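Down below is the structure, laid out as C-alpha cells.
The values are calculated or read from the model by the stated rules, or taken from the named source; none is laboratory data. Bear in mind that the values here come from a model prediction, so they are computed numbers and not experimental data. Note that we place each Cβ from the backbone using ideal geometry, even for glycine, and neighbour counts take in every protein chain shown. Accessible surface areas use protein heavy atoms only, side chains included; no ligands, DNA or RNA. Shrake-Rupley method; radii C 1.70, N 1.55, O 1.52, S 1.80 Å.
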Amino acid sequence: MSILQEIIAKNRPALNEQKRLMPLAELEALAKSAPARPGFAAAFRTSGRHVIAELKNASPSKGMIRENLEVRECAAELEKAGATALSVLTEPFYFKGSLQYLKTVSETVNLPLLRKDFIFDSYQIAQAKLNGASAILLIAAMLSASEFADLLAYAHSLGLDVLGEAHTEEELEAVRNADLVGVNARNLHDFSTSLERSAELIRLASYGKPVIAESAIRNPEDMRILEAVGASGFLIGETLMRAEKPGSKLRELLECC
C-alpha cells in the first residue's frame with residue numbers, strides 16, 4: 001500500500017462518520033452561505049515574490065516538526081511578514097492537523113487560505129468552504145482522471161480555486177485544468193526530494209497558470225533557481241515551522257536579493 005492509499009484508508013472511516021452526522025446536502029447548504037474569502041489564484045498573477053506559508057505540526061517523512069503550534073499567533077505573524085497566502089494542514093493522523101485550525105486561521109487573517117489535505121471526496125471540499133478556505137489541494141497521484149475532474153468541478157461550484165499537485169510529467173498533464181499547477185519536489189515512494197526534478201517539471205508546465213514550487217525550499221538561492229525556470233510562487237512549510245520565529249524566517253526569504 002502506498003503512503004497515499006494508507007492515508008486515504010486511515011481517514012475514510014472518520015469521514016464516513018462525519019457524513020452520517022451531517023449529510024452532504026446539509027453541509028453544502030451551509031458552505032454556500034459561508035462568507036467569501038480573498039481569491040487564491042489571482043494572488044499569484046501579480047509581480048513580486050510570492051510565498052504560501054504552511055502551518056503544520058508534523059509530516060509522515062519528518063515526524064513532529066513544530067510542537068504546540070499556536071495557529072492563531074503563527075498565522076498573524078506570517079501575514080504581517082508578507083505571506084501571499086497560507087496553507088493549513090487539516091489531516092489529523094499523519095500531519096496532526098484539524099479543520100478547527102483552518103477555521104481559526106480564517107478568523108485571524110485576511111489572506112487567501114488553502115486547505116492542505118488528501119482530498120478524495122466532495123464532502124471534504126464542502127468542509128473546506130465552510131471553514132474558510134479559498135482553495136483546496138488535489139493530488140494527481142491519488143486520483144483517477146475522472147475523479148480529479150469531478151472534484152475540480154465541484155470545488156468550482158462552491159467558488160473555490162484548485163491547486164493541482166504533480167510529481168511527474170504525466171501528472172502535469174492531469175492537473176492542467178486546475179487554477180494553479182503545483183510541482184512537488186518530493187518523491188512519494190521514498191520521500192526523497194529533488195529541486196533539479198522540480199525545475200525540469202516547472203519548465204514543462206506551460207499552461208498559462210501560476211506554477212507553485214512545493215517542498216524542499218530552504219533558502220533564497222533555491223527560490224531564485226526555481227523562479228528562473230518559471231515558478232510563480234512557493235509553498236514553504238518545514239523551513240518556516242522549524243524556525244523559532246516563522247515570520248522572521250519568511251522576511252528573510254522574501255527580502256533577500
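Annotations
- Backbone geometry of region 201-208 corresponds, through the Karplus equation with coefficients 6.51, -1.76 and 1.60 at θ = phi - 60°, to 3J(HN,Hα) couplings of 6, 4, 4, 8, 7, 9, 9, x Hz, x marking Gly and Pro.
- Available extension along the chain between Ala76 and Ser61 is 2.7 nm, counting 0.36 nm per residue and deducting the alpha carbon span.
- For region 1-74 and region 87-128, distance of Cα centres in Å: 2 Å
- Note on Leu21 and Asn68: their simple-model spin labels are 2.8 nm apart, each label 7 Å out from Cα toward Cβ.
- Residue-count net charge about Lys116 - beta-carbon cut-off 9 Å; Lys, Arg +1, Asp, Glu -1: -1
- Pairwise centroid distance, computed over Cα atoms, of region 196-257 with region 142-171, Å: 22 Å
- In order along region 45-61, the Karplus-derived 3J(HN,Hα) couplings, from 6.51 cos²θ - 1.76 cosθ + 1.60 at θ = phi - 60°, round to 9, 9, 6, x, 8, 10, 10, 8, 8, 9, 9, 7, 8, 8, 8, x, 7 Hz, and Gly and Pro are given as x.
- Over the chain, Cα pairs under 8 Å with separation of 6+ residues give a relative contact order of 20 percent.
- Three semi-axes describe the equivalent ellipsoid of region 142-257; taken as square roots of 5 times the Cα gyration tensor eigenvalues and ordered largest first, they are 26, 16, 14 Å.
- When the chain is described by a simple charge dipole with +1 on each Lys and Arg Cβ and -1 on each Asp and Glu Cβ, the residue from Ile212, Leu160, Asn177 located farthest towards its positive end is Leu160.
- With every protein chain in place, region 129-207: carbon and sulfur % of accessible area (1.4 Å): 46 percent
- Extending 7 Å from Cα along the Cβ direction at Ser192 and again at Arg176 yields two label points whose distance is 2.9 nm.
- Ranked by how many other beta carbons lie within 10 Å on average, peptides 46-55, 187-196 from highest: 46-55, 187-196
- Summing +1 for each Lys or Arg and -1 for each Asp or Glu among the other residues whose beta-carbon sits under 11 angstrom from that of Gly39 gives 0.
- The chain: calculated mean residue ellipticity at 222 nm from DSSP helix runs of at least 4, using -39500 (n - 2.57): -12500 deg cm²/dmol
- Taking the Cα centre of the chain as origin and assigning +1 to Lys and Arg Cβ atoms and -1 to Asp and Glu Cβ atoms, the resulting dipole is close to 520 debye.
- Projecting the Cα positions of Asn131, His50, Gly63 onto the charge dipole of region 1-140 (unit charges on Cβ atoms of Lys, Arg, Asp and Glu, taken about the Cα centre) puts His50 furthest along the positive direction.
- Distance between the 7 Å Cα→Cβ label points at Ser47 and Ala153: 4.0 nm.
- Based on protein heavy atoms only, the chain ends up with 43 Å² per residue of surface accessible to a 1.4 Å probe.
- Total formal charge among the other residues, if their Cβ is under 13 angstrom from that of Ala81, Lys/Arg +1 and Asp/Glu -1: 0
- Phi angles of region 244-249 translate, via the Karplus equation with coefficients 6.51, -1.76, 1.60 and θ = phi - 60°, into HN-Hα couplings of 4, 10, x, x, 5, 5 Hz per residue; Gly and Pro are given as x.
- Taking 0.36 nm per residue of separation and subtracting the current Cα-Cα distance, fully stretching the chain between Lys32 and Glu221 would add 63.8 nm.
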